[in-house]
2 protein chains.
Amino acid sequence: MGPIDRRERERLALRARIMKKARRLFAEKGYEAVTMRQIAEAIEYSPRTIYLHFKDKEDLFWELCSEDFRSFGEGMAQVLAIADPVARLRQLGSAYAQFAMSHQHHYRLMFMTRHPEPVGPQDPCKGNPEADAYALLVVTTREALEQGRFRPGLEDPELLAQIVWACLHGVISLELTHGQEAYIPWRPFQARVEAALGMVLHGLLRESETESIPPSKPKRSRP
Amino acid sequence: MGPIDRRERERLALRARIMKKARRLFAEKGYEAVTMRQIAEAIEYSPRTIYLHFKDKEDLFWELCSEDFRSFGEGMAQVLAIADPVARLRQLGSAYAQFAMSHQHHYRLMFMTRHPEPVGPQDPCKGNPEADAYALLVVTTREALEQGRFRPGLEDPELLAQIVWACLHGVISLELTHGQEAYIPWRPFQARVEAALGMVLHGLLRESETESIPPSKPKRSRP
């Protein structure tokens, strides 16, 4: 390998380092509170170096956002292998919670941080993998509705997707924000995820369906 | 009224102004990112003035926290007038969502901001009104369990309280963080709250009880 390969490798490695540090800072402090100078200081480079890789803070943020939603969307899309929409819904919920715990900085940046005003039609998140993971959820609630699996009165797949997402997001975000505080006798995170999924499925399915609720398959026992 | 009354009134008014501005800054930027100097600048006083009212940033934060959880807890406690635990559970959920929308800075500070490490047994939130509002929720799930209103298999009132809370918190926090973003076709906030409460109640109640689910009473139509 010649020196050009080496330089390109070094350039990509530095770019990845900048992004990793920036993700952490944005996740911990919020987008507004972080400056390019702080990111540079954190990786011990000059701000000038960062500007060789990213036009400005917004550019850096959207690159991160784009990368994170893409890998998240790809991970979630694996549940498409599950044909039954009810079983798929449960697996989507479990996979989402597992992603959040194994990618806490990603999760904070993606779902717990206000994003800067999108730049109109160029908004790189629009129609991108978050929309895809969301679209995957809507496809799943729509399929369950069409198969008559949900109780009478439920009919809007978007509304149902939004409350299922919210329920899981609530368990995850309370854990990430307040899980360390001792004044709530928190039950183990995995128990809360399973109980929430049980409540969601019993809450949506028609009575004759509730016996078919797939058994929980805890993936990890995080206390 | 003499000058001492006037001075005391002015002192309290300034203290309230400091707290209001600090709540907003903490809610927007997070506890870590805010300095006493920034709070002082925002109200156009010297940092010295703030230190006449609060020992340090942590003291100011816990005073805010204490005040907010107290008034929140008092508001929530009004649902104790409802004897039926299932109707009370629904009303608690509605009241919680309504509080969040009418007190967005309070809500962000209380439930969406990581709090500084509590100072051990002096932690002013411990056993305080948040624990009280939480305790109120646990009392309600326990009562419903004892009355045999929930489906078989549900038995831990703390776990149930934690997932009911999480579900509402999820609807609220997604709204506060991402509700302005256009790439999700958000249904109206109030519709999401009602649908989530319906899912929660259908998800917890035994089948013979679901006909008794109290009708929704939307309080406000916020699009």
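Quick notes on this structure:
- Normalised convex hull volume, the protein assembly as shown, alpha-carbon set, Å³ per residue: 185
- Of B:Ile43, B:Leu25, B:Gly75, farthest towards positive along the dipole that unit charges on Lys, Arg, Asp, Glu beta carbons give region B:6-76: B:Ile43
- Computed about its Cα centre, the charge dipole of region B:1-95 is approximately 240 debye, with only Lys, Arg, Asp and Glu carrying charge at their Cβ.
- Of A:Lys29/A:Lys57; B:Lys20/B:Lys55; B:Lys21/B:Lys57; A:Lys55/B:Lys21, pairs whose Cα-Cα distance is over 23 Å: A:Lys55/B:Lys21
- Contour excess over end-to-end distance, with Cα ends at A:Glu158 and A:Arg142 and 0.36 nm allotted per residue: 4.9 nm
- Chain A: relative contact order as a whole-number percent, Cα under 8 Å and 6+ apart: 20
- Cα-derived Rg to Rh of region B:7-121, Kirkwood definition: 1.05
- Estimated dipole of chain A in Debye, rounded to 20 [Cβ of Lys and Arg +1, of Asp and Glu -1, Cα centre]: 920
- Other protein chain Cβ atoms within 10 Å, averaged over every residue that makes up A:132-138: 1
- Set of region B:168-193 residues, backbone N closer than 20 Å to the point 7 Å along the Cα-Cβ line of B:Ile213: B:168-172, B:187-193
- Cα Rg, Dmax (largest Cα-Cα span) when computed across chain B, Å: 20.3, 67
- Net charge over other residues, Cβ less than 15 angstrom from the Cβ of B:Ala22 (K, R count +1; D, E count -1): +1
- Taking other C-beta atoms within 10 angstrom as a stand-in for reagent exposure, A:Ser102, B:Ser173, A:Ser94 fall in the order A:Ser102, A:Ser94, B:Ser173, fewest first.
- Here the contact order of region A:1-107, divided by its residue count and restricted to Cα pairs under 8 Å and six or more residues apart, works out to 23 percent.
- Additional length obtainable on full extension of the chain from A:Asp5 to A:Arg114, 0.36 nm per residue less Cα span: 35.4 nm
- More than 15 Å apart - percent of Cα-Cα pairs taken over region B:126-185: 60
- Charge tally in the Cβ shell below 10 Å around A:Ala40, where Lys, Arg are +1 and Asp, Glu are -1, A:Ala40 excluded: +1
- Residue-averaged beta-carbon neighbours from other chains (10 angstrom radius) around A:173-180: 5
- Within the shell defined by Cβ-Cβ distances under 14 Å, the residues around B:Ser173 carry a net charge of +2, with Lys and Arg each +1 and Asp and Glu each -1.
- In this rough spin-label picture, where each label sits 7 Å from Cα along the Cβ direction, the B:Arg206-A:Arg48 distance is 7.5 nm.
- Placing pseudo-labels 7 Å out from each Cα toward the beta carbon at B:Glu67 and A:Ala16 gives an inter-label distance of 4.9 nm.
Read-outs throughout are calculated quantities, based only on the coordinates presented, and are distinct from any laboratory measurement. Keep in mind that what you see is a predicted model, and the values were worked out from it rather than measured. So basically every Cβ, Gly included, is an ideal-geometry build from the backbone, and we count neighbours across all protein chains shown.
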